[in-house]
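For reference, the structure is listed below as structure tokens.
Quick note: the coordinates plus some simple rules give every number you see, no bench work behind them. Everything quoted here is computed from the prediction, not taken from an experiment. Note: ideal-geometry Cβ built from the backbone for every residue, glycine included; neighbour counts use all protein chains shown.
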There are 2 protein chains.
Amino acid sequence: MEFTFLGTSAGTPTRSRNVSGLALCHSGPRPWYLVDCGEGTQHQLLHSRYSLMQLRAIFITHIHGDHTFGLPGLLTSASMLGRTEGLDIVAPAQVQSLVNAVIENSDSSLGYPLNFIDSEAPGLQWQDEHFGVTSVALSHRVTCRAWVFTERNLERQLLQDKLREDGIEPGPSWGELQKGQDVALEDGRLLRSEDYTHIPRPARRLIVAGDNDDPQLLSDACNGSHVLIHEATYTQDVADRIGPWPQHSSARQVGRFAQQARLPNLVLTHFSSRYQSGPGGAPHINQLAAEAMQQYRGQLFLARDFDTYRLEKDLSLSCLTARPKGS
Amino acid sequence: MEFTFLGTSAGTPTRSRNVSGLALCHSGPRPWYLVDCGEGTQHQLLHSRYSLMQLRAIFITHIHGDHTFGLPGLLTSASMLGRTEGLDIVAPAQVQSLVNAVIENSDSSLGYPLNFIDSEAPGLQWQDEHFGVTSVALSHRVTCRAWVFTERNLERQLLQDKLREDGIEPGPSWGELQKGQDVALEDGRLLRSEDYTHIPRPARRLIVAGDNDDPQLLSDACNGSHVLIHEATYTQDVADRIGPWPQHSSARQVGRFAQQARLPNLVLTHFSSRYQSGPGGAPHINQLAAEAMQQYRGQLFLARDFDTYRLEKDLSLSCLTARPKGS
């Protein structure tokens, strides 16, 4: 599993960070999945390996502009590129209103069907052959969700001793069982794949959270998850000065939660534009890392635009653009 | 007068060209004016000297997404930056519907008033202390306009001989007359500024055209204009192959018109993404220049993102990022 940050800035873009967008794929970029779509997401994609022709579904955490204003341009560009395959958009209902209003008022049309799925529908689950996707309600100024991606259809290993004990010799039926298919033998027996195979590793699970001032809401979902991508808009001092209104998290708050939840990997993103990477008078982005690290002993990353991460089958996470921890 | 291209690609952005946007100013970037606002215009501005705090008015040529989808993000970012001054948006009425729908469906609000002015209102004129702005109806798939910027309040020179002949000696009244103000003398005489001053040069005039398949519509406006910025989406062979439906101009068509109209300066923009600047199999952008130059003997430029041009008081136009003609 890999994911690439297309934007890591909160509210407004900066010269080095776009507003929110995250591309995710299971095994290569065909298909891929997009979480949030701030303005300029289609521009960022031009500098990535992801194509609008291969996009399977878009998941929107909430309706704020820095997470949604890139949708009209991305959707119409996909059409101009010749896309004909339908596209799922799992989002609050207002996103459908926004997209439809923009299309109507710009003489636009799409050469492929959009399939809007209301993210607030009770018990909503989405799945394809690679992922099952569920959500967790968060706490923000508007309805907001974390998207939980769990891989599906893991490789099975045959229980060869058991097969032989039961008199089932190597042959095509072994292959079908390994693929997860049940097999009817000529002698009338029905062999269930799950009785003759096992899955030798846990399914990888990744949480991509939207804006949220209460990380504890993710406690249950974090149990069995291997990566949490969460906003850390401010350091605690700035959060205290601004007050609770924006309903964002501080780096300290998220770090403390991740430590309590025993999360192995935490990736922070959605940084206020006041934090800069270069020299100068602005607060340095490393303050966010330092604050989180005081709380959290797992593997911590601060996301940067175009950073690509890989979550291996052995559950180790690495940033493919190697750099020092927290930088 | 200076103008900077924020986007020069038609329909979709490319890795080196954004969709349409042009920043224009009279004498320094405070205030400045924006013509069209494709997605990512606010991002481009981050790499320019123009600030959203100093933007005076936005002029939209037509409602297509590559000219409008950047509006919601630009407007909300201006608000987040603390803008309180009102902003004029001169545009087709549907742009107001688009902006309002997006704001309503994204929990956005603006901390300053938007003043929408219907660009299709008969006889519409807009002006401030620097520019008078009128428009010309063009021919495209939707209602589309060219915006004509004419500078106002040119420096006046005193007719000193005439002043002395009429017994008006140097003093504060000379300064007021030079500023264009009429003066009441103590002896009861009323001196009109226009009787005692003259303007020693023509007003600079610039046309920023939207999408258009009939440059002849600009004939009258080009009379007395010093620069025409016009789309040249295709070379003629590509335009012929595609057929008339998109209602764009070829480089040949625009070059021929500019020659007939005896325009001193022509800047082409809004290039189909099929034309590329680098080596490789794609048609080269220079084909557009070559085709236009076959028709046109004036000064020709092909716009690139972030190119800044200056139209001097002597009516000469130069690209401040010096480069060979047509490249």
Out of the GluC sites (Glu not before Pro) in segment A:1-99, which ones are loop residues according to DSSP with at most 16 other C-beta atoms within 10 Å? A:Glu85
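For segment B:89-225, what relative contact order do you get, as a whole percent, if you take Cα pairs closer than 8 Å and at least 6 residues apart? Could the numbers behind the result be given before it?
On the way: 178 pairs, mean separation 32.2, N = 137.
Contact order relative to length: 24 percent.
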Name the long-range amide H neighbours of A:Gln276: under 5 Å, sequence gap of 5 or more, or other chain; modelled H, no Pro or chain starts. A:His284, A:Ile285
Given the options B:Gln253, B:Gln216, B:Gln178, which has the most mean-square fluctuation in a GNM of chain B, springs set between C-alpha atoms less than 10 angstrom apart? B:Gln178
What are the label-to-label distances in nm, one decimal and shortest first, from B:Asn115 to the same spot in the other copies, with labels 7 Å along Cα to Cβ? 4.9
Between B:Phe59 and residues 5 or more places away or on another chain, which pairs have amide H atoms under 5 Å apart, with H built 1.01 Å from N, and which residues are they? B:Leu34, B:Val35, B:Asp36, B:Val90
If one takes the longest principal axis of the Cα atoms in chain B, at what angle in degrees, from 0 to 90 and to the nearest 10, does the Cα axis of helix B:71-80 lie? 60 degrees
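How high is the relative contact order of chain B, in percent, counting Cα pairs under 8 Å that sit 6 or more residues apart? Don't skip to the answer; put the middle values down first.
On the way: 695 pairs, mean separation 51.9, N = 327.
About 16 percent, as a whole number.
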Give the distance, in whole Å, between the Cα centre of segment B:205-261 and the Cα centre of segment B:12-52. 22 Å
May I ask for the net charge around A:Leu124, where only other residues with Cβ less than 12 Å from the Cβ of A:Leu124 are counted and Lys, Arg are +1 while Asp, Glu are -1? -2
Here Rg/Rh (Cα, Kirkwood) for segment A:157-198 equals 0.90
Of B:Leu71, B:Leu311, B:Leu110, the one that fluctuates the most in a GNM where chain B has Cα springs shorter than 10 Å: B:Leu110
First select every other residue whose beta carbon is under 15 angstrom from the beta carbon of B:Ser108; then total the charges, Lys and Arg +1, Asp and Glu -1. -3
Taking only Cα atoms of the protein assembly as shown, what ratio of Rg to Rh do you get with Rh as the Kirkwood inverse-distance radius? 1.09
Highest-fluctuation residue, A:Ile58, A:Ile168, A:Ile117 considered, GNM on chain A with Cα pairs under 10 Å: A:Ile168
Kirkwood radius from Cα pairs of segment B:219-327 plugged into Stokes-Einstein at 20 °C, 1.002 mPa s, gives D in µm²/s equal to 150 µm²/s
List the distances, in nm and shortest first, from the label point of B:Gln181 to the matching label points in every other copy, placing each point 7 Å from Cα along the Cα-to-Cβ direction. 9.2
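For chain B, what does the equivalent ellipsoid look like in terms of its semi-axes, each the square root of 5 times an eigenvalue of the Cα gyration tensor, given largest first in whole Å? Mind showing how you got there, number by number?
Working: eigenvalues 282, 135, 59 Å².
For chain B, the ellipsoid semi-axes come out as 38, 26, 17 Å.
If each DSSP helix of 4+ residues adds -39,500 (n - 2.57) and the sum is divided by the residues in the protein assembly as shown, what number results at 222 nm, nearest 500 deg cm²/dmol?
Calculated from helices alone, the mean residue ellipticity at 222 nm is -6000 deg cm²/dmol.
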Treating the point 7 Å from Cα along Cα-beta-carbon as the label, what are the nm separations from B:Gln287 to the other copies, to one decimal? 5.3
Those trypsin sites (Lys or Arg not before Pro) in segment B:67-162 that DSSP places in a loop and that have at most 10 other beta carbons within 10 Å: none
Scan chain A for the residue whose Cβ is closest to the axis carrying it onto chain B, then write down that distance in whole angstrom. A:Ala101, 2
